[in-house]
Each structure stands twice: as structure tokens, then as C-alpha cells.
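So the structure is just underneath, and the comments pick up after that.
The values are calculated or read from the model by the stated rules, or taken from the named source; none is laboratory data. Note that the structure is predicted; figures quoted are calculated from it, not measured. All Cβ positions, even for glycine, are placed from backbone atoms using ideal geometry, and neighbour counts span all protein chains on display.
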Amino acid sequence: MAQKSPRPLVAGNWKMNGTTAALKEARLLAGMLKDVRLKCEVMLCPPATLISAVRTVVKGARIRLGGQDCHWNANGAHTGDISAEMLKDAGCSAVIVGHSERRTDHGETDEIVRRKAEAAHAAGLIAIVCIGETLEQRKSGQTLAVISRQLKGSVPAGSTAANTVIAYEPVWAIGTGLTPTTAEVGEVHQSIRRETDPLMRILYGGSVKPANAAELMAVANVNGALVGGASLKAADFIGIIKAYA
Ligand code: 13P
């Protein structure tokens, strides 16, 4: 029997962007998706304050919802934090953990990221675990070693293709307009594949745009995209989704 390949996922990470005015973009996207024969899953990860409202405006559209972070505990005295269970209750099916911005801004280590992924699994959410090298690490030839170390440290043992997605996001490509060559992307994705389930989705993230989405999608073991800036405008995000449709 032929090996099934993972169903691609295109997820939009709005980061700390968006007030109620941004609901217009979610509504537009829902409308645009009506005319697309989708071969990928589509997800929006708005800021926590907008999850419920986005859920309402995209109702009936093929758009899943994700959180951008969760605490490693299910509840308790953690002012300002959000649990995986709360995200699930708000309508999310996934949560991003270990984004490089959280690793940098909040000092999150691989161990913290792994505990967050475990909390996501316990709540019935897909953990989208982010990994990626800095420019210094790439320049000094450490990329594959860094990726391997982050994978081992951040992805819980026993993770499955059903409850975990890996997102490879080179830190230097995030929000910079720079992207690795397709050969560089292919090399890293192949090395991640060697350490993961054949059906686990491995997303590429970092300056994905409508103009480069198709060539990135064509790289072996790239099973979708995690999109930042270009997910904020429905017209751009649909251009990326169509490359995967
Ligand atoms: P950009 O698409 O803005 O580079 O951001 C990528 C990212 O960090 C998605 O999580």
C-alpha cells in the first residue's frame, strides 16, 4: 500500500496583532475559502482576546482555531497565563508552543516547551512545536545539531502525528523577508523527518508569502506553513493557502 502523506496545514499566527477591527479579515477569509477546493487544513491563531470572536465570524468556514501559547499547568495561580484547557474551551483545536519569540521574550527552554506541549496533549489539543536556529548558529554550521537538540528536548516522548505538528522556523527568517534556499529548507526538514513519525506534519515558517509559498510547498517533507505577517490580511493569506490547495 502506498504511504499516505500528511494533509498539509497552513496556520496563520497573528502574534500580538489585532483588535476587533481585525475580525473583518477573518470574515473576509471565511468568504474567500468558500470558492477554494481545499487540499490543506487552514488555521488561525489570533491573540487570545479575539479567539471567541473569530470563532463566531468564521463559523461554518473550514477554519480551525489555535492559541499562541499555553501554561504547562491546567489551572491555578498563574496571573496572566492561559491554560490549554481554556483554549480548548474557547474553541481551539491546537496551540503553538515554543515560538522563538516566546523562547526569547520569556526565556522558555526546551523543557518548558515540552511541558507546555504535554499540557496541550492532556487537554486534547494539537501542539504545534516550534524549533529553529539563529543566524549565528547557521553561520557556524550548527543548524542540524540545534534542530536535533530542540526536537529531543521540546517534543514529548510518545507524541503522535495526530497530536503534534513541528514548525521549523529559522529565527533569522522571521519577519525579515529573508528565507533559506529551498535546498536549505529541504535539508532541515529531511533531518526532522528522520527523527519523527512519517505522517507528522512539518511546517515551514519565516517570511512565507503568496510569492514564495508554492516553491516552499514543493520541497520534500514540507507539509504546510506557519505564517506570521502575511496571515494578517485575508488577501495575502488566501494566496498562500491556494499554493497548498
Ligand atoms: P513571518 O511570516 O512574519 O516571518 O512570521 C513567521 C512566524 O513567526 C510564524 O509563527
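Tabulated data for the structure shown
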read-out: Some residue of segment 47-70 being under 17 Å from the mean Cα position of the chain (by Cα), of a type in the set (A, V, I, L, M, F, W, C), within 16 Å of the ligand (Cβ to nearest atom) and closer than 18 Å to residue 162 by Cα; value: yes
read-out: Condition met for residue 13 (at pLDDT 95 or above, out of contact with any helix residue (DSSP H, G or I) (no Cβ under 7 Å at 6 or more places or on another chain) and not charged (D, E, K, R)); value: no
read-out: Selection status of residue 38, in contact with a helix residue (DSSP H, G or I) (Cβ under 6 Å, 6 or more places away or on another chain), away from the ligand (no atom under 16 Å from the Cβ) and of a type in the set (A, V, I, L, M, F, W, C); value: no
read-out: Test: residue in segment 12-20 that is within 16 Å of the ligand (Cβ to nearest atom) and over 20 Å from residue 241 (Cβ atoms); value: yes
read-out: Enumeration of residues in segment 1-11 that are away from the ligand (no atom under 15 Å from the Cβ) and not small (Gly, Ala, Ser); value: 1, 3, 4, 6, 7, 8
read-out: Candidates 144, 151 - the one that is in contact with a helix residue (DSSP H, G or I) (Cβ under 6 Å, 6 or more places away or on another chain), at pLDDT 95 or above and over 20 Å from residue 14 (Cβ atoms); value: 144
read-out: Residue count, segment 166-194 (criterion: under 15 Å from the mean Cα position of the chain (by Cα) and within 12 Å of the ligand (Cβ to nearest atom)); value: 8
read-out: Residues of segment 205-232 classified as within 11 Å of the ligand (Cβ to nearest atom), more than 11 Å from the chain's Cα centre (by Cα) and farther than 24 Å from residue 30 by Cβ, total; value: 2
